[in-house]
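Quick notes on the structure that follows.
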Amino acid sequence: MKIKDGFILRTICGEHVVVGEGLAQVNFNKLLSLNETAAFLWKEVQGKEFTKEDLVQLLLDNYEVTAEVAGPDVDKLLNTWIAEGVVE
């Protein structure tokens, strides 16, 4: 999967939010708020193809977390990104 073109991570008033830029995102009329960890993952994979396993490995490599915790957390994050239409 890949983050769709035109979605940009911005920091607004100390909050990490994904905004749509350009005509392709004309129906994206809301902000998607990300916590620090989700923003880290977004930055790491933006512009690249990635899998769930890639995201889990990024968490394992950069945070003190087990695969048993990281896996379900990544599932929740990806479900949100898919539901919001920011990945393809």
Ranked list, fewest to most other Cβ atoms within 10 Å of each Cβ, for I8, I82: I82, I8
Length added when fully stretched, D61-V19, from 0.36 nm per residue minus Cα-Cα: 12.4 nm
Relative contact order for the chain, counting Cα pairs under 8 Å that sit 6 or more residues apart, in percent: 32
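None of the figures in this text is laboratory data; all of them are computed from the coordinates on show. Quantities reported herein were computed from a predicted structural model and do not represent experimental measurements. We place every Cβ from the backbone using ideal geometry, glycine too, and count neighbours over all the protein chains shown.
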